[in-house]
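Worksheet for the structure shown next.
Each reported figure results from applying straightforward, stated rules to the coordinates on display, with no laboratory input. Predicted model, so just to flag it, every value in this text is computed and none were measured. Counting neighbours? That spans all protein chains shown, and the Cβs are built from the backbone with ideal geometry, glycine included.
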Amino acid sequence: MTARLDLDPALVTRARELAACAAQPVVDLARAHTTVSVERAVLRLAGLTGTDPVTGDGDRREGTARDGTATDRVPWVNRVVDAVRDQVGLEHGVALPVWHALASGAAPDLQAVAEQVGAGTARFVVPTGAGAERARDAARAAVAAGLARVDANRARREELVARLGDAPRRPWVYLIVATGDIHEDIPQAQAAARAGADVIAVIRSTGQSLLDYVPEGATRTGYAGTYATQENFRLMRAALDDVSAELGRYVRLTNYASGLCMPEIAVLAGLERLDMMLNDAMYGILFRDINPRRTFVDQRFSRMVHARAGIVINTGEDNYLTTADAVDEAHTVTVSQLLNETLAKEAGLEDWQLGLGHAFEIDPDLPDSFRLELAHALLARSLFPDAPLKWMPPTKHMTGDVFRGYLLDGFFNLAGALTGQGILLVGMMTEAVVTPWLSDRDLALRNVRYVLDAAGGLVEDFAPPPGGFIDRRADSVLREAVALLERIADHPQGLIQAIADGTFGITRRPPDGGKGLDGVVALTAEAYNPALELLEAVRA
Amino acid sequence: MPDGIDVVRPYGDTTGDGMVQLSFTLPVPPGPRAEGAALQLAGKMGIAPAMVVHSHGIGGGGGGGAAFTFFVVYGPVRHLVDLAAVQVEERAYPLLSPGEVDGAIRAGLHRQLVVLGACIGTDAHTVGIDAILNIKGFAGEKGLEYHREMRVANLGAQVTVPELVARARAERADAVLVSQVVTQRDAHLRNTRELAAAFREAMGEARPLLVVGGPRFDPAMAAELGVDRVFGRGTTPGEVASYLVHALIGSRRPDTPAPEDP
Ligand code: B12
């Protein structure tokens with residue numbers, strides 16, 4: 001039972017058509033290009049792991065794990081893709097030259113190819129004719145093995161949810177841990193799960209988005225977050241499996257597929273059974289100044305992997321409201337949700353996998369601020385009835401007055417309950433002061449529990465009258481959104497131009513600016529990516 | 001405070017009752033021992049007699065018991081506050097209106113004052129520096145870009161220190177404004193020291209005025225960090241503009257550097 005507004009159906013249809021049209025140039029761009037990270041993701045799916053031991057600053061540097069592995073050591077996947085690029089270019093993809101080397105007997109396995117790259121003895125050529133056929137078959141088989149592991153993880157998740165039980169109710173209670181040290185994060189995450197969290201997100205270290213490689217190993221030295229590494233993923237998932245068994249409900253794990261390594265992190269998430277991933281079409285562009293083209297190519301691939309892995313994505317519309325005004329720019333959130341939806345579906349994600357983001361960020365000093373929040377939240381709920389929706393707490397207007405902050409978080413929780421949100425990110429009263437303390441998290445969960453126990457069922461009774469304040473506000477935001485989509489769709493470059501114009505989060509990002517553009521390569525007609533082929537085959 | 005009362009105590013509901021409230025967590029399982037521990041801590045903080053008005057365990061539920069206890073404590077604090085001994089960082093320069101700022105630059109510099117702004121390191125929080133620089137401004141005051149007599153370049157976030165030094169040199173910047181919001185593991189202090197060292201090394205005495213800001217900075221730390229000025233929470237663009245005039249024009253720096261300290 002969900003609260004709904006009766007939105008003008010013609011307007012809703014128009015909004016979706018326009019979003020698809022505005023996003024088309026992005027899809028075309030993504031299909032015609034590859035990136036270094038997409039190619040590295042292919043190698044990861046084929047099982048290539050580890051780092052080149054002669055790279056990195058080792059223990060002398062920040063970012064070094066205590067067990068001696070350095071987070072700045074270059075992964076083999078980077079070394080191989082760079083070598084292929086240097087020798088024959090990436091416009092055919094990495095699979096043809098690499099599996100040609102394997103099929104022609106130059107190396108017994110992928111790891112050996114990597115070591116030859118390390119030794120400087122690898123020689124790559126792009127095969128043609130029967131050689132290409134042979135390389136394609138071998139590459140397909142290798143990547144299929146990785147996808148089989150992703151499939152097995154999806155099945156295992158479904159089995160665990162069925163056997164242990166799922167989160168007891170909606171919204172799922174989502175909590176962040178962020179100590180920088182995976183061995184510190186684990187007990188905190190387990191404590192949070194015992195205290196009622198259904199979803200644990202491990203927020204990443206500042207700066208990881210801009211690393212053009214994925215660090216390796218268990219790490220203890222992140223800033224304001226913990227590095228996303230395959231080993232950290234594995235350790236945390238195992239710890240949450242333990243606590244899930246103890247609690248009799250499956251506790252989900254979330255991380256971030258964003259930044260320059262989005263496709264690889266998506267693959268690692270699939271390989272290590274993460275359950276949800278932050279994955280926004282524009283966040284990296286707007287808030288990390290990552291090149292738009294790079295983002296869109298990486299994005300599509302990563303979402304196809306998430307689709308296959310049964311992962312729920314979370315989009316980042318809430319972030320716009322930290323730099324733009326939540327009332328004036330409310331329609332940009334709706335526009336972005338529609339764009340994220342259309343791009344996600346194109347990549348094969350289904351409605352139940354779309355944790356579209358929105359947030360409680362209206363200035364609390366504004367009269368009727370809570371009614372406006374309810375209108376915006378119900379608009380999203382009504383526009384995307386089958387998507388889980390990620391409801392984000394107040395941050396921008398949180399201050400050092402933690403008492404007022406606690407009250408505001410209570411109202412945020414209430415709005416989430418009333419409007420039937422799917423995933424509730426727990427707000428901290430100390431948001432403006434510190435990264436959360438143990439007690440902050442505990443108090444925040446008490447707040448959530450009280451509100452959901454006291455008022456969770458109100459979603460059944462809450463039906464704002466047609467023509468009332470909430471209904472009218474939702475309608476006017478939707479109309480503004482459609483008007484903006486019309487302007488975006490009007491431009492031949494669609495969304496790409498809108499981002500350059502500063503439409504979202506009042507931040508301008510031109511298509512050729514930002515970081516990572518040099519990692520984007522236009523594909524030739526003969527290019528081959530076994531992962532894309534296998535992922536697309538399922539959907540056809 | 002020349003006349004009136006110099007010595008005060010916290011105010012609960014009557015003058016001089018000294019009442020305070022505080023909350024904290026101890027790594028002790030809940031129970032009488034934990035409460036005793038909380039009382040001991042409160043006592044050492046000068047609260048006597050302290051009352052633990054609330055406590056609960058954290059980290060329990062499900063399996064093992066709680067390993068931590070959260071407390072809310074009330075009580076009168078013995079300490080007195082001597083208002084005469086309070087020290088505040090006084091603003092050593094007058095607050096100017098935007099017109100006065102432009103007037104002072106025109107008269108004192110005979111050219112536009114060049115300001116560069118950025119967030120350095122991996123910090124991506126730009127709202128603070130934007131509040132100071134962008135026309136839109138902050139707290140009803142227009143940002144520095146509003147000034148006709150200033151040329152402002154806002155380089156945005158994730159700018160490296162070498163990039164910033166190069167830009168400052170190329171643009172002949174009079175002042176470089178840097179924002180630092182993330183403070184975990186003292187990232188803001190380390191980055192600021194790195195900034196100061198890089199400018200010192202690259203430009204010596206001819207370096208531009210270095211100003212840093214962010215919500216968790218202590219304005220008294222400028223000298224220690226090697227910069228000229230530190231601004232904290234709630235800074236307004238007008239304060240910054242007034243300071244720039246004071247530092248760059250009022251005191252003739254940097255044309256005639258002050259004599260070296262012995
Ligand atoms: C908005 C926001 C974001 C946005 C930033 C968008 C953007 N383009 O700026 C987004 C969503 C991207 C973001 C991301 C992160 N954030 Co954030 N964010 C905030 C938030 C909610 C508000 C900050 C803000 O805009 N304040 C408003 C401005 C106007 O205030 P201000 O910055 O203090 O600036 C004023 C003064 O300090 C001063 N000032 C500031 N700079 C300068 C410079 C000069 C030269 C001068 C003179 C004055 C000056 O003047 C300004 C006007 O008065 C705060 C929480 C909060 N409510 O404070 C968290 C917060 C700052 N974020 C935090 C963290 C940890 C992060 C992340 C690192 C999390 C992660 N691990 O991913 C990421 C990573 C970003 C990165 N790489 O740096 C922490 C920082 C904790 C700490 N002290 O270390 C906070 C406090 C939240 C928390 N409690 O955990 N964040």
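Between A:Glu91 and B:Arg106, the modelled label-to-label distance comes to 5.8 nm, taking each label 7 Å out from Cα in the direction of the beta carbon. Each pair of Cα atoms in the range A:46-144 enters the Kirkwood radius, and Stokes-Einstein at 4 °C and 1.567 mPa s then converts it into a translational diffusion coefficient of 91 µm²/s.
Helix-only estimate, please: 222 nm mean residue ellipticity of chain A, summing -39500 (n - 2.57) across DSSP H runs of length 4 or more and dividing by its residues, to the nearest 500.
Values: 19 runs with 276 residues, N = 540.
That comes out to -16500 deg cm²/dmol.
Taking only the Cα atoms of the protein assembly as shown, the radius of gyration and Dmax are 28.3, 98 Å.
Taking Rh as the Kirkwood radius, which is the inverse of the mean 1/r over Cα pairs, what is the Rg/Rh value for the range A:426-476? Ratio of gyration radius to Kirkwood radius: 1.20. Classified by the C-alpha gyration tensor, the range A:157-272 has a prolate form. Its axis ratio a/c, with a ≥ b ≥ c, is 1.5 or above, and a/b is larger than b/c. Counting only Cα atoms, the size of the range B:37-184 along its three principal axes is 67, 48, 28 Å, in decreasing order. Starting from the Cα gyration tensor of the range B:123-262, take the square roots of the eigenvalues, sort them a ≥ b ≥ c, and report rounded, prolate or oblate (rounded when a/c is under 1.5, otherwise prolate if a/b is larger than b/c, else oblate). Judged from the Cα gyration tensor, the range B:123-262 comes out rounded (a/c under 1.5).
Residue by residue along B:65-75, Cβ atoms of other protein chains within 10 Å of the local Cβ number 2 on average. Pairs exceeding a 29 Å alpha-carbon distance, out of A:Lys390/B:Lys136; A:Lys345/B:Lys136; A:Lys396/A:Lys515; A:Lys396/B:Lys142; A:Lys515/B:Lys142; A:Lys345/A:Lys390: A:Lys390/B:Lys136; A:Lys345/B:Lys136; A:Lys515/B:Lys142.
Take each residue of peptide B:121-129, count the partner chain Cβ atoms within 10 Å of its Cβ, and average: the result is 4. Distance between the 7 Å Cα→Cβ label points at A:Ala145 and A:Arg123: 2.7 nm.
State the percent of C-alpha pairs, over all pairs in the range B:7-84, separated by a distance greater than 18 angstrom.
Numbers: 1365 of 3003 pairs.
When all Cα pairs of the range B:7-84 are counted, 45 percent exceed 18 Å.
Within chain B, the longest segment free of exposed loop sites, counting GluC sites (Glu not before Pro) that fall outside DSSP classes H, G, I, E and B and have at most 14 other Cβ atoms within 10 Å, spans B:91-259.
Taking the Cβ-Cβ separation of A:Asp490 and A:Asp6 as r and a Förster radius of 35 Å, what is the calculated FRET efficiency to the nearest 0.05? Don't skip to the end; give the middle numbers.
Details: r = 29 Å, r/R0 = 0.82.
Using R0 = 35 Å, I get an efficiency of 0.75.
Starting from the Cα-Cα distance between A:Ala483 and A:Ala537, subtract it from 0.36 nm times their residue separation and give me the gain in nm to one decimal.
Here the segment from A:Ala483 to A:Ala537 would lengthen by 15.8 nm.
Where in chain A lies the longest segment free of GluC sites (Glu not before Pro) that are both loop residues by DSSP (not H, G, I, E, B) and have at most 14 other Cβ atoms within 10 Å? Please report the intermediate quantities before stating the final value.
Working: sites that count: A:Glu62, A:Glu350, A:Glu526.
The segment A:63-349 is the longest one with no such site.
Short-range pairs are left out: with C-alpha atoms under 8 Å and at least six residues apart, the relative contact order of chain B is 16 percent. FRET efficiency for the pair B:Ala67 and A:Asp363, taken as 1/(1 + (r/R0)^6) with r the Cβ-Cβ distance and R0 = 51 Å, rounds to 0.85. Between B:Asp13 and B:Val88, the FRET efficiency from the beta-carbon distance, with R0 = 30 Å, is close to 0.60. Here the scattering of chain B is modelled by Debye summation over its C-alpha atoms, one equal scatterer each and no solvent; at q = 0.08, 0.09, 0.15, 0.16 Å⁻¹ the log10 of I(q)/I(0) is -0.50, -0.60, -1.01, -1.08. Here the average projected area of the convex hull drawn through the C-alpha atoms of the range A:320-471 stands at 9.5 nm². Maximal additional length on extending the A:Arg156-A:Arg234 stretch stands at 26.6 nm, based on 0.36 nm per residue less the C-alpha distance.
Eigenvalues of the Cα gyration tensor times 5, then square-rooted: what semi-axes does that give for the range B:125-190, in whole angstrom, largest first?
Working: eigenvalues 92, 65, 13 Å².
The three semi-axes for the range B:125-190 are 21, 18, 8 Å.
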